[in-house]
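Undergrad: Provided herewith is a single structure, encoded as structure tokens, for subsequent inquiry.
Readers should treat all values here as calculations from the given coordinates under stated rules, not as data from a laboratory. This structure is a prediction, so every number in the text was calculated from the model and none was measured. Positions of Cβ are generated from backbone atoms using ideal geometry, with glycine treated the same way; all protein chains shown enter the neighbour counts.
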């Protein structure tokens, strides 16, 4: 994903309004951008809050800044600057993170961020984009980087291998069914797809939806999700994020008038205090094909 980030950024750098600000990482990754556009490349060091405010100033001066650092350092640490300098001022700053959720698995709480979407969703004017394949980032960044609104791009280290056709502000239907609605975001699309495929062999047909834009969603997308939930009455949401504030909450908000059962798979209301690999964290938090399949079958057997 970061290689695609560098490639996409180099291409969009032809737009003289694009400027890059780094939080003391990514120098080698973005060396081609720096060599080609040195006057629009800034390494701000470990000063993320100042970096965010400087980006806002550049945006007010007509630039479309791209700010890049590790997820918790440019979301949690910079929340006040994002609120006051980006969202309140409505400045077109693009925040591109690295290390979503528990990608930096072994580095512990300081480098984990499974609440970033929930935090930033609360801010008016903030756009949130969550691509999980290189082509998705390329398409969505080019669609959104110059639209003048503050935009957060959550880049995961792990990706899915499915064919998708993302469009900013829209959800994508991956499978059609009438028994259980499954809604996935990020790399967990892979596990959700495989679980839905296995469920289909047992006669449980899932309506599988993929969310790459968390905010804003178009009225048509919200209507499509609501129609699916009304049809099945059973929802399973899957995400590498806290079950508080993520897509599970988003779906509950969209479908608040419907009566349905809802299984939320993600990080429960806790800190991940054990160290291990990304895969081990997924398993510990129920983010596996097997657990998604179990949630589908359990949901299929329930009444609304």
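Undergrad: Determine the relative contact order of the chain: mean sequence separation of Cα pairs under 8 Å and six or more apart, normalised by residue count, in whole percent.
TA: About 16 percent, as a whole number.
Undergrad: Out of every Cα-Cα pair in the stretch 171-300, what percent are more than 23 Å apart?
TA: Cα-Cα pairs in the stretch 171-300 separated by more than 23 Å: 26 percent.
Undergrad: Which FRET efficiency value, to the nearest 0.05, do you get for residue 107 and residue 303 by plugging their Cβ-Cβ distance into 1/(1 + (r/R0)^6) with R0 = 51 Å?
TA: In this case the efficiency is close to 0.70.
Undergrad: As I understand it, the value is the acute angle between the Cα axis of helix 48-60 and the longest principal axis of the Cα atoms of the chain; what does it come to in degrees, rounded to 10?
TA: Roughly 80 degrees, rounded to the nearest 10.
Undergrad: Something else now. Got a sec? How would 138, 298 order by Cβ neighbour count within 10 Å, fewest to most?
TA: 298, 138
Undergrad: What is the calculated FRET efficiency for residue 270 to residue 147, with r their C-beta to C-beta distance and R₀ = 35 Å, to the nearest 0.05?
TA: 0.45
Undergrad: To the nearest µm²/s, what D does Stokes-Einstein give for the stretch 5-115 at 10 °C and 1.306 mPa s, using the Kirkwood radius over alpha carbon pairs as Rh?
TA: Rounded to a whole number, D works out at 112 µm²/s.
Undergrad: Using a cut-off of under 15 Å, list every residue of the stretch 175-194 whose amide N is near the label point 7 Å from the Cα of residue 163 along the Cα-to-beta-carbon line.
TA: Inside the label zone: 175.
Undergrad: Taking the number of other C-beta atoms within 10 Å as the exposure measure, put 265, 123, 60, 253 in order starting with the fewest.
TA: The order, fewest Cβ neighbours first, is 253, 60, 123, 265.
Undergrad: On C-alpha positions alone, give me the angle between the axis of helix 134-144 and the longest principal axis of the chain, in degrees, nearest 10.
TA: Once rounded, the angle reads 70 degrees.
Undergrad: A follow-up question, please. Out of 201, 175, 31, any idea which swings most in a Gaussian network model of the chain, alpha carbons joined below 10 Å?
TA: In the Gaussian network model the winner is 201.
Undergrad: Right, another one. Taking the chain as a Gaussian network, where each spring joins two C-alpha atoms under 10 Å apart, which residue of 110, 164, 232 fluctuates the most?
TA: Per the Cα network of the chain with a 10 Å cutoff, 110 tops the list.
Undergrad: Could you work out the Rg to Rh ratio of the chain, with Rh taken as the Kirkwood radius (inverse of the mean 1/r over all Cα pairs)?
TA: Dividing the radius of gyration by the Kirkwood radius yields 0.98.
Undergrad: Helix 189-201: angle to the longest alpha-carbon principal axis of the chain, degrees 0 to 90, nearest 10?
TA: Relative to the chain, helix 189-201 is tipped by roughly 20 degrees.
Undergrad: Can I ask one more? Looking at the chain as a GNM with Cα springs under 10 Å, which of 39, 218, 242 has the largest mean-square fluctuation?
TA: Per the Cα network of the chain with a 10 Å cutoff, 39 tops the list.
Undergrad: Sort 209, 193 so that the residue with the fewest other Cβ atoms within 10 Å of its own Cβ comes first and the one with the most comes last.
TA: 193, 209
Undergrad: While we're looking at this one, here's another question. In nm, to one decimal, how far is the modelled label at residue 27 from the one at residue 7, with both set 7 Å along Cα→Cβ?
TA: Output for this residue pair reads 2.6 nm.
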